[in-house]
1. Averaged per residue, what accessible area in Å² does the chain show with a 1.4 Å probe, protein chains only?
2. How many angstrom lie between the C-alpha centres of region 230-284 and region 352-413?
3. Whole Å is fine, so just give me how far the alpha carbon centre of region 170-211 lies from that of region 41-99.
4. What FRET efficiency, computed as 1/(1 + (r/R0)^6) with R0 = 35 Å and r the Cβ-Cβ distance, is obtained for Arg414 and Ala119, rounded to the nearest 0.05?
5. Can you tell me the 0 to 90 degree angle between the C-alpha axis of helix 372-385 and the longest principal axis of the chain, rounded to 10?
6. Treating only the Cβ atoms of Lys and Arg (+1) and Asp and Glu (-1) as charged, compute the dipole magnitude of the chain about its Cα centre; round to the nearest 20 debye.
7. Where does each of Thr51, Thr240 land when they are ordered by accessible area, with a 1.4 Å probe and the largest first?
8. Expressed as an acute angle from 0 to 90° and rounded to the nearest 10, what is the orientation of the C-alpha long axis of helix 3-23 relative to the principal long axis of the chain?
Amino acid sequence: MNPLRTRRSALKALGSAALLAASVTVPSATAAVADERTSRPSVALDWYDATAATIAAAGAATQITNSRTLAISWLAAARATREVPPGLDRRDFQDAALASAVHDALVTLIPSRTQELDATLRTTLDRVPDGPAKSKGVAAGARQALLVLTSREGDGLDPASVNAPFTVPSAPGVWQPTPPGYAPAAQYGNRIAQSFLLDSPDQYRLPAPPALDSARYRADLAEVRAYGAVDSTVRTERQTETATFWFGSSLTLYTEPLRVAVARSQRSTAGQAALVALFHVALVDTQIATSDTKYAYLRWRPVTAIRTGAIDPDREWTPLHITPAHPDYPSGHNTYAGAAETVLTALTGPRTAPFELTSPTAPGVTRTYTAWSQLSQDNLDARVYSGIHTRSADEAGLILGKRVARHVLHNTGRLFDVW
């Protein structure tokens, strides 16, 4: 398959509906119907909000499992909305197809929310005029949801598989359970899960982290020791706020930025579905690649290095925030940020009008952003100021996330040309 041709096909699919709509003159006899369709609420936004609410209320304890839910639901929607049968109203078909696909996938994956999802589906379909476009759209959505769900059965991204047991070797520089809970290693199973588009989990494995006796590692550790301590005297109030703001789940923190991108997109319903699908497919694959590199090198966390390592050990040193239970290199928050930035930049441009963002881990704090890269920079700094990652791990994370996301964007044909 010609990669350039498949990329052009994907871009054409994302933009064709908008171009068609701009070129058609609506006859006066159907002006009222056209006005009603134009003023109809965005089905993509309605179902994006429904998806987010469903996961927030009843999602899995593992982030990658929730990313998988989003990827499956919206990939089904993107496929179902791509091809409108001749002679049917494009908007009616796509709206019905998207709602049907996301509904059916979510009901299967999170059945406890069936009642709420059924009500949302009824609301959507009540707004779509009855007729062949509506009925065929519903059928297309149901078919694609079933196909995608079937293709992902047994992919190893359920919570039990994600947190498969891992036996930790004991050696200097090697990850060990961290205080205060000393929890067992998490996310080890990601590295053997089925990706969407990666050829293998180690396809973009990073080079080894800085050696323990290197000048770079000494500098990294000194920075975390000074700026990441719970009682740091050099970390500013703004830096503490940054650490706290970005301490929570990446999926939760990026829910609103992605919504902003969808809401401001000029794409058709099909294009908006593709944007959400590509974002979360990239994030599933990025999290798989992240665990591959983490468990390939098993680099210990700063709290272990500072308390027990050979460089000025301080057994009382405590980070600002509790350290997550997996290796330091690379930072998962930053692989997520790098992938998110890459997809949003490719499909919406590097900058956007100012938007406000809040965080569940920093109540009362609101930050304003105008570029996707600003979110990445804050993530990079935040993990150092939290005392839970070295800067090398953060910088490497951005690189890995961007590489995986570019791979996904270059292979969209493999996603959307499967029927």
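1. Details: 17490 Å² over 419 residues.
Result: 42 Å² of accessible area for each residue.
2. 7 Å
3. 31 Å
4. Working: r = 35 Å, r/R0 = 1.00.
Calculated value: 0.50.
5. Value to nearest ten degrees: 30.
6. Values: 41 positive and 38 negative charges, 199 e Å.
The dipole magnitude comes to about 960 debye.
7. Working: Thr51 0, Thr240 40 Å².
Putting Thr51, Thr240 in descending order of accessible area: Thr240, Thr51.
8. Orientation of helix 3-23: about 50 degrees from the principal axis.
The values are calculated or read from the model by the stated rules, or taken from the named source; none is laboratory data. Just so we're clear, the structure is a prediction, and the values are computed from it rather than from any experiment. Cβ atoms come from the backbone with ideal geometry, glycine included; neighbour counts cover every protein chain shown. The accessibility values were calculated without ligands, DNA or RNA, using every heavy atom of the protein model including side chains. Shrake-Rupley method; radii C 1.70, N 1.55, O 1.52, S 1.80 Å.
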